[in-house]
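**Q** I am attaching a structure below and will ask some questions about it afterwards.
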Amino acid sequence: QRRCPFWAATRPGGTIGSMPHPHSPLKKFAATGLLLSALAALLAGPLSAEQAVQIALLNNRTLQAAYNDLGISEAAYVQASLPPNPALSLLRVAGTGVANFEVRLIEDILNLITLPRRTAIAAERFGQARYRAIEATLRLAADARRAYVRAIASRQQVGFLEQTRATADTAARL
């Protein structure tokens, strides 16, 4: 059985960073409803930047679609790298009153000749899908981290403004 070159770059659990590859066991995790309990567990306590990134990665439909496209591209790559199946045809030649049967084994010569090039094209498309998925993962992680930092900064700014207002109220009373 052929394995795509993408597997060489993944961790033993089938993950890239903290995002599951579509064929990893973690995909079942998302499909069985355990995703909601994992998200609830992440949201139960105080939220850290890493937890915010994990929540964004687990809960983003666009990212899930990018990884689904990666799985489809991988399947197309594997399919393109396999030689064509031989076809068996039965040809009946008639005309003299006696039926002649001829059995031929047909290999699609053109497919065999173009197999290396089709495999290279499919590998290139798979590589592009892989880079799109990686780019989507990194972009989402950076956006989530940026949003987390902005939210913390806004919360601190509100605290400082309330402290300033309290100080101004105290100064006005004196």
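The values are calculated or read from the model by the stated rules, or taken from the named source; none is laboratory data. Keep in mind that this is a model prediction, so the values were computed, not measured. Heads up, the Cβs are rebuilt from the backbone with ideal geometry, glycines too, and the neighbour counts pull from every protein chain shown. Calculation scope for accessible area: heavy atoms of the full protein, side chains included, ligands and nucleic acids excluded. Shrake-Rupley method; radii C 1.70, N 1.55, O 1.52, S 1.80 Å.
**Q** Looking only at residues that are farther than 16 Å from Leu140 by Cβ and in a helix (DSSP H, G or I) in the range 36-64, which one is most open to solvent (accessible area, probe 1.4 Å)?
**A** Going through the qualifying residues, I end up with Leu36.
**Q** Given the conditions (1) modelled with pLDDT of 95 or more; (2) closer than 23 Å to Gly71 by Cβ, report the number of the one that Ala142 does not fulfil.
**A** Condition (2) is where Ala142 drops out.
Table: residues versus (1) of a type in the set (A, V, I, L, M); (2) assigned to a helix (DSSP H, G or I); (3) in contact with a helix residue (DSSP H, G or I) (Cβ under 7 Å, 6 or more places away or on another chain).
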{"site": "Pro116", "(1), (2), (3)": "no, yes, no"}
{"site": "Ala120", "(1), (2), (3)": "yes, yes, no"}
{"site": "Gln128", "(1), (2), (3)": "no, yes, no"}
{"site": "Ala136", "(1), (2), (3)": "yes, yes, yes"}
{"site": "Leu140", "(1), (2), (3)": "yes, yes, yes"}
{"site": "Ala144", "(1), (2), (3)": "yes, yes, yes"}
{"site": "Tyr148", "(1), (2), (3)": "no, yes, yes"}
{"site": "Ala153", "(1), (2), (3)": "yes, yes, no"}
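**Q** Could you count how many residues in the range 105-133 are open to solvent by 50 Å² or more (accessible area, probe 1.4 Å), in contact (Cβ under 8 Å) with a residue 40 or more places away in the chain and aliphatic (A, V, I, L, M)?
**A** Adding up the residues that qualify gives 1.
**Q** Mind counting the residues in the range 79-95 that are at pLDDT 90 or above and surrounded by fewer than 16 Cβ atoms within 10 Å (Cβ to Cβ)?
**A** Selection size over the range 79-95: 2.
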